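Read the structure below first, then the notes.
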Amino acid sequence: MSNETGYRDNVASHRIADRLRTAILEGSYLPGERIRQEDVAARSGASRIPVREALRMLDAEGLVTLVANSGAWVTKLTLEECVETYLIRERLEPLLLRMSVRHLEEAAVDRLAALAADMEAGTGVDAFMRADREFHLVSYAGAASGATWQIIHRMWNTTQHYRREFTRRAAGSGLSVTHLEHRLLLDSIRRQDADDAERVLVTHIRRTRLELEGHPEIFV
């Protein structure tokens with residue numbers, strides 16, 4: 001393979017990964033759904049080589065599960081796996097937030113405020129999901145270079161579909177507590193009060209876990 005061909009494949013693989021990542025996170029692909037390499041290659045106008053590399057990237061991010069000699073599927077969790085993931089998040093995410101708070105720049109805090117306002121504006125589930133994801137990942141940006149951030153980022157990916165189902169069930173007035181918790185988090189972060197931020201975040205994550213436990217049909 002020439003350097004030029006290798007470069008083109010590398011660019012194509014990142015482009016394909018970006019498109020698939022967006023489609024999975026936005027729910028165009030559902031958990032357990034197969035992603036056929038030949039279909040992706042045809043839609044992308046690329047060979048299977050960059051498609052395979054794109055799927056490897058998404059596998060590393062937790063969005064796709066690769067099965068040897070079989071293919072690629074959108075990652076699916078059982079109820080038990082999801083509960084375990086949330087229990088881990090309840091313990092690790094507050095730690096990550098604590099490490100991040102003192103390093104967040106003013107622009108990041110202002111972005112959190114804008115995102116909180118966007119979510120309260122009630123522009124639909126998809127818009128809420130995008131803003132909610134960005135809100136939390138921005139809040140961790142002060143510690144984004146560490147191993148803990150990588151673990152949490154992967155868990156956010158694997159639980160994306162289930163958070164969407166939680167949001168659909170809570171849409172409207174049911175999200176009022178979520179909005180309040182976002183405001184409390186924002187206030188704690190502005191004050192650089194890591195103790196308060198941790199306490200709010202633990203409750204915030206736990207509420208979603210308990211709600212999901214009450215809806216086992218989501219995982220069928």
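So here's what we get for this one:
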{"quantity": "Within the chain, helix-based [θ] at 222 nm, where runs of 4 or more DSSP H residues each add -39,500 (n - 2.57), nearest 500", "calculated": "-23000 deg cm²/dmol"}
{"quantity": "Signed unit charges on C-beta, dipole axis of the chain, positive-most listed residue Ile152, Gly142, Ile49", "calculated": "Ile49"}
{"quantity": "Kirkwood Rh and Cα Rg combined as Rg/Rh, the range 132-220", "calculated": "0.98"}
{"quantity": "Amide hydrogen neighbours beyond the local backbone of Ile35, cut-off 5 Å, H modeled", "calculated": "Ala72, Trp73, Val74"}
{"quantity": "Per-residue HN-Hα couplings for the range 127-142 [Karplus 6.51, -1.76, 1.60; θ = phi - 60°; Hz; x = Gly/Pro]", "calculated": "5, 4, 4, 5, 5, 4, 4, 5, 3, 6, 5, 5, 5, 9, 4, x"}
{"quantity": "Listed peptides 30-37, 199-206 by packing density, highest first (mean Cβ within 10 Å)", "calculated": "199-206, 30-37"}
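Laboratory data are not the source of any read-out in this text; all were calculated from the coordinates shown. These numbers were taken from a predicted model, which means no experiment stands behind them. Cβ sites come from the backbone with ideal geometry, for glycine too, and all protein chains shown count toward neighbours.
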